[in-house]
Structure formats: C-alpha cells, structure tokens
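**Q** Let me give you the structure first, and then I'll get to my questions.
The values are calculated or read from the model by the stated rules, or taken from the named source; none is laboratory data. For clarity, every value in this text was computed on a predicted model and none was experimentally measured. Please note: Cβ atoms are built from the backbone with ideal geometry, for glycine as well, and neighbour counts cover all protein chains shown.
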There are 2 protein chains.
Amino acid sequence: MKLQFWSVGKQHESYVKEGIELFTKRIANYFPVYWQLIPAPKNAASLSESDLKIKEGEAIISQLKKEDYLIVLDERGKLLNSEGVAALLQQRANESTRNIVFLIGGAFGVSGEVLQRANYKWSLSPLVFPHQLVRFILAEQVYRACTIIKNEKYHHV
Amino acid sequence: MKLQFWSVGKQHESYVKEGIELFTKRIANYFPVYWQLIPAPKNAASLSESDLKIKEGEAIISQLKKEDYLIVLDERGKLLNSEGVAALLQQRANESTRNIVFLIGGAFGVSGEVLQRANYKWSLSPLVFPHQLVRFILAEQVYRACTIIKNEKYHHV
C-alpha cells in the first residue's frame, strides 16, 4: 500500500519543512510515501473563491486514479483519535487498497465535486490550522498511526 | 494581560523551533508573551510515571502565582474551535486577568494537583500530539485568536 500526501499550494515553508521531512522519512519505514504538491491555478488571484475551488478540484480529480482511496482533510469531516487513524489505515491494508491519497485542499477548502469523490473525510481538530501546519500534523499523525499498527514505540525526537 | 507558555521539558527541538518563534513573535504584537521551560526532575528516569507527574506538578505549582489564570492543555479538556479560543482570551481580558499561563505537561501528562489548580482545561484535538508539536500548535492558535479578537487578517507566511 502506498501513501500519498497531496496538497494544493506551494512548497513546504521553512518553518514546517524540517518537521514534515522528519515524519515523512519515518513513515517510509512502514509504507512507500510521497508528497505531491498541486499548484494553484495561474489566474488564482482573479478567480472568485468558488471558481478557484472548482478549478483546483478539476486538477485534483484529473490526477486521481479510479481505485485511489481518497481521504480529504476537511473541517466537516470526522474527528478521530490517533487509534482511529491507525484503524483507518489498517482497514485499508486489510482491504488491499493499493494507494491512499490524503488531500489537503486549497486556501478556501475543497470543491463539492472533490468532497463527493472522497472515500473518507477527516477533521484533525475543531481548530482551524494553516495549510502548512496541516501538512506537518498529517505527517506526524500518519507516522504515529504506523507505530500503533505495528505496536512499536513512538520514537520521540 | 501577559501570556506565558509553560512547558515541561527541554528547549524547542529544531524541527519546531522556527514555527514556534515565528508565531510567538506575532503574538507579541498583541500581548507580552514568553516561554518558560520547566526542566523535568533530575532523577526522572528512575521515577514511576505517577511519581514523575507529582514531582513535575510540585515544580509547576510552586512557580504559579495565586492570581495566575492557569489553562492546562490536557486531552480530558474541552475541545474548542478557534473562535472559542479567542472568546476565552477576550473574556480574560474583560475580567482584568493579569497573567494567563498556558501549561503543556510532561511526557505522562499533569498531576491531579495541577488539574485541580487549573482554571481551564483545553484539549487541542482528540489526536495525541508530541509535546514539541503541541508547543507549535499552541503558539499558532493563540496568534490566530489574537487576530480574531482584533478582527485583523490572519497573516499567512
């Protein structure tokens, strides 16, 4: 099973880069993992929020394969505890999912079309986080889920 | 009103340092703010979890002033959305609180004595985060709360 982290926007900012790379590297001990950054549309500034979401959504959907299991990070999603994240991954592995895509949307969230395509909607917290920090938290939690699945000690830095 | 972030443990690790410093600096535009790191007891490794929590708790309580408003970050606390964090700060300002202490406990959480002393218990998320990441999230959320209180634009990096 491969894990992919998709995020709309630019490269990791320096204030989260080391953290994201640290935890992504640790995940790689458990699953093949990579980041795919989806650039915002070129004319983003001239688009309305809803048009921007639609455009971003089209780019996302065009890059998804039919069999990809899409987990969208969205504030309307389900709150999970860390064991719940582990159970979600374990269930995918049990059902022979080949590819999980974790998607962090753009500045205004994801389009209705993307939400409809989602196999799972996950909310990290009732708090709103900046997208760059969401990347960091996502990588850390997926690493933690890996340690829970394998019953291994969480390695503190 | 002063804001203090207290955390049991060592200095900020490099993978969160830039983020913590970035948001702490921004908070300083709204409130005087500083970090106080409370070292774990010297014989921490030889103590049981509960003894360690008690020792840490004693150190914390001895440093609190009677009038300090203590917000303990604890998984048994209340989940807030970002507006709720802003409302909490605003209410303290309205009630002329002089000093808010946000406390991040040690590796095994905080003692019963500290929980009893807490004026508020706040849970960031049902997810478990490493303490270093909690520092980062706390600073970011308090900055966000400041922008909400002042009705100012959240400055993305």
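**Q** Is it true that B:SER7 is hydroxyl-bearing (Ser, Thr, Tyr) and either more than 14 Å from chain A (Cβ to nearest Cβ) or closer than 17 Å to B:GLY105 by Cβ (or both)?
**A** Values: hydroxyl-bearing (Ser, Thr, Tyr): yes; either more than 14 Å from chain A (Cβ to nearest Cβ) or closer than 17 Å to B:GLY105 by Cβ (or both): yes.
It is true that B:SER7 is hydroxyl-bearing (Ser, Thr, Tyr) and either more than 14 Å from chain A (Cβ to nearest Cβ) or closer than 17 Å to B:GLY105 by Cβ (or both).
**Q** Would you check if B:GLU67 is of a type in the set (Asp, Glu), part of a helix (DSSP H, G or I) and more than 14 Å from chain A (Cβ to nearest Cβ)?
**A** So B:GLU67 fails the test.
**Q** Tell me yes or no: at least one residue of the stretch A:142-154 is surrounded by fewer than 19 Cβ atoms within 10 Å (Cβ to Cβ), more than 13 Å from chain B (Cβ to nearest Cβ) and of a type in the set (Val, Ile, Thr).
**A** Yes, the conditions are met somewhere in the stretch A:142-154.
**Q** Can B:ALA40 be described as at pLDDT below 95, in a loop (DSSP other than H, G, I, E, B) and either touching a helix residue (DSSP H, G or I) at 6+ places or on another chain (Cβ under 8 Å) or not charged (D, E, K, R) (or both)?
**A** Considered against the rule, which asks whether it is at pLDDT below 95, in a loop (DSSP other than H, G, I, E, B) and either touching a helix residue (DSSP H, G or I) at 6+ places or on another chain (Cβ under 8 Å) or not charged (D, E, K, R) (or both), B:ALA40 comes out as yes.
**Q** Now, a different point. Considering every residue within the stretch B:131-141, establish whether at least one is surrounded by fewer than 15 Cβ atoms within 10 Å (Cβ to Cβ) and either of a type in the set (D, E, K, R) or over 12 Å from the mean Cα position of the chain (by Cα) (or both).
**A** So far as the stretch B:131-141 goes, no, none of its residues is surrounded by fewer than 15 Cβ atoms within 10 Å (Cβ to Cβ) and either of a type in the set (D, E, K, R) or over 12 Å from the mean Cα position of the chain (by Cα) (or both).
**Q** Right, next: May I ask you to verify whether B:LEU37 is without any contact (Cβ under 8 Å) to a residue 12 or more places away in the chain and surrounded by fewer than 18 Cβ atoms within 10 Å (Cβ to Cβ)?
**A** Details: without any contact (Cβ under 8 Å) to a residue 12 or more places away in the chain: no; surrounded by fewer than 18 Cβ atoms within 10 Å (Cβ to Cβ): yes.
The answer is no for B:LEU37.
**Q** So if I check each of A:ALA118, A:ALA139, A:ALA59, which one is touching a strand residue (DSSP E or B) at 6+ places or on another chain (Cβ under 9 Å) and more than 29 Å from B:LEU124 (Cα to Cα)?
**A** A:ALA59
One line per residue, one yes/no per condition, for (1) out of contact with any helix residue (DSSP H, G or I) (no Cβ under 7 Å at 6 or more places or on another chain); (2) more than 30 Å from A:HIS131 (Cβ to Cβ); (3) of a type outside the set (S, T, N, Q):
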{"site": "B:HIS12", "(1), (2), (3)": "no, no, yes"}
{"site": "B:GLY19", "(1), (2), (3)": "no, no, yes"}
{"site": "B:THR24", "(1), (2), (3)": "no, no, no"}
{"site": "B:ASP51", "(1), (2), (3)": "yes, yes, yes"}
{"site": "B:GLU58", "(1), (2), (3)": "yes, yes, yes"}
{"site": "B:SER62", "(1), (2), (3)": "yes, yes, no"}
{"site": "B:GLU83", "(1), (2), (3)": "no, no, yes"}
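**Q** Out of all the residues in the stretch A:76-90, is one or more more than 18 Å from A:TRP122 (Cβ to Cβ) and modelled with pLDDT of 95 or more?
**A** Narrowing the stretch A:76-90 to residues more than 18 Å from A:TRP122 (Cβ to Cβ): none.
Within the stretch A:76-90 (the criterion being more than 18 Å from A:TRP122 (Cβ to Cβ) and modelled with pLDDT of 95 or more), the answer is no, since none of the residues qualifies.
**Q** Of A:GLU95, A:GLU140, A:GLU83, A:GLU113, which residue is closer than 23 Å to B:ARG144 by Cβ and not hydroxyl-bearing (Ser, Thr, Tyr)?
**A** Unique residue meeting the criteria: A:GLU140.
**Q** Filter the stretch A:22-34 down to the residues that are in contact (Cβ under 8 Å) with a residue 12 or more places away in the chain and outside any loop (DSSP other than H, G, I, E, B), then identify the one that is farthest from A:GLU152 (Cα to Cα).
**A** A:TYR34
**Q** Another question about this same structure. Within the stretch B:44-52, identify whether any single residue is hydroxyl-bearing (Ser, Thr, Tyr), in a helix (DSSP H, G or I) and either more than 26 Å from B:LYS2 (Cα to Cα) or touching a strand residue (DSSP E or B) at 6+ places or on another chain (Cβ under 6 Å) (or both), and answer yes or no.
**A** Yes, the stretch B:44-52 contains a residue that is hydroxyl-bearing (Ser, Thr, Tyr), in a helix (DSSP H, G or I) and either more than 26 Å from B:LYS2 (Cα to Cα) or touching a strand residue (DSSP E or B) at 6+ places or on another chain (Cβ under 6 Å) (or both).
**Q** Restricted to the stretch A:70-100, and to residues that are in a loop (DSSP other than H, G, I, E, B) and of a type in the set (Ser, Thr, Tyr), which residue is surrounded by the fewest Cβ atoms within 10 Å (Cβ to Cβ)?
**A** Among those that are in a loop (DSSP other than H, G, I, E, B) and of a type in the set (Ser, Thr, Tyr), it is A:SER96.
**Q** Does B:ARG135 satisfy the criteria of being touching a residue at least 60 places away in the same chain (Cβ under 8 Å) and more than 24 Å from B:PRO39 (Cβ to Cβ)? Walk me through how you get there before you give the answer.
**A** Numbers: touching a residue at least 60 places away in the same chain (Cβ under 8 Å): yes; more than 24 Å from B:PRO39 (Cβ to Cβ): no.
When the stated conditions are applied, B:ARG135 does not pass them.
**Q** Looking only at the stretch A:12-21, count how many residues are touching a residue at least 24 places away in the same chain (Cβ under 8 Å) and either surrounded by fewer than 18 Cβ atoms within 10 Å (Cβ to Cβ) or assigned to a loop (DSSP other than H, G, I, E, B) (or both).
**A** 2
**Q** Could you check the stretch B:111-141 and list, in sequence order, the residues that are assigned to a loop (DSSP other than H, G, I, E, B) and either at the interface with another protein chain (Cβ under 10 Å from one of its Cβ atoms) or modelled with pLDDT under 95 (or both)?
**A** Scanning the stretch B:111-141 gives B:LEU124, B:SER125, B:PRO126, B:LEU127, B:VAL128, B:PHE129, B:PRO130.
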